[in-house]
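In what follows, a single structure is set out as structure tokens and then discussed.
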Amino acid sequence: MVNNKGNLLRFERKILRRMHGPIRNPDNGEYECRKKTDIERLFNKPNIQSFLISKRLEWAGRAKQDLINKVLTNNPSGRRDRVDDRVSGGWTV
């Protein structure tokens with residue numbers, strides 16, 4: 001699981017490097033690949049890993065709230081089953 005997270009972050013940086021392009025070194029005039037800190041500063045948003053974690057937490061809260069609502073608003077309708085129907089094998093004395 002840890003390796004997948006690392007791969008995901010690596011892929012995100014690769015895409016952002018492509019989008020923002022190389023940076024020109026003022027000392028020798030050559031182009032260089034942007035560093036991780038440069039990309040984070042340019043993008044200025046949370047990385048994809050923290051975004052996915054926050055979305056999972058939102059979903060978990062929504063699922064929990066939905067379950068609580070189902071329990072609290074349970075409005076049984078109709079008649080209850082007879083005890084004899086619910087007990088398998090009937091009554092034995």
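See the values below:
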| read-out | value |
| --- | --- |
| Selected residue (only one of 70, 5, 14 is surrounded by 10 or more Cβ atoms within 10 Å (Cβ to Cβ), modelled with pLDDT under 85 and assigned to a helix (DSSP H, G or I)) | 5 |
| Check on residue 46, part of a loop (DSSP other than H, G, I, E, B), exposed (fewer than 11 other Cβ atoms within 10 Å of the Cβ), without any contact (Cβ under 8 Å) to a residue 24 or more places away in the chain and not hydrophobic (A, V, I, L, M, F, W, C) | no |
| Among the candidates 12, 30, residue that is of a type in the set (Asp, Glu) and without any contact (Cβ under 8 Å) to a residue 12 or more places away in the chain | 30 |
| Search result, residues across the stretch 32-43 that are surrounded by 11 or more Cβ atoms within 10 Å (Cβ to Cβ) and part of a helix (DSSP H, G or I) | 36, 38, 39, 40, 42, 43 |
| The one condition in (1) touching a helix residue (DSSP H, G or I) at 6+ places or on another chain (Cβ under 9 Å); (2) loosely packed, with under 10 Cβ neighbours inside 10 Å that residue 29 fails to fulfil | (1) |
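The values are calculated or read from the model by the stated rules, or taken from the named source; none is laboratory data. Model, not experiment: these values are computed from the prediction. No Cβ is skipped: glycine too gets one built from the backbone with ideal geometry, and neighbour counts run over all protein chains shown.
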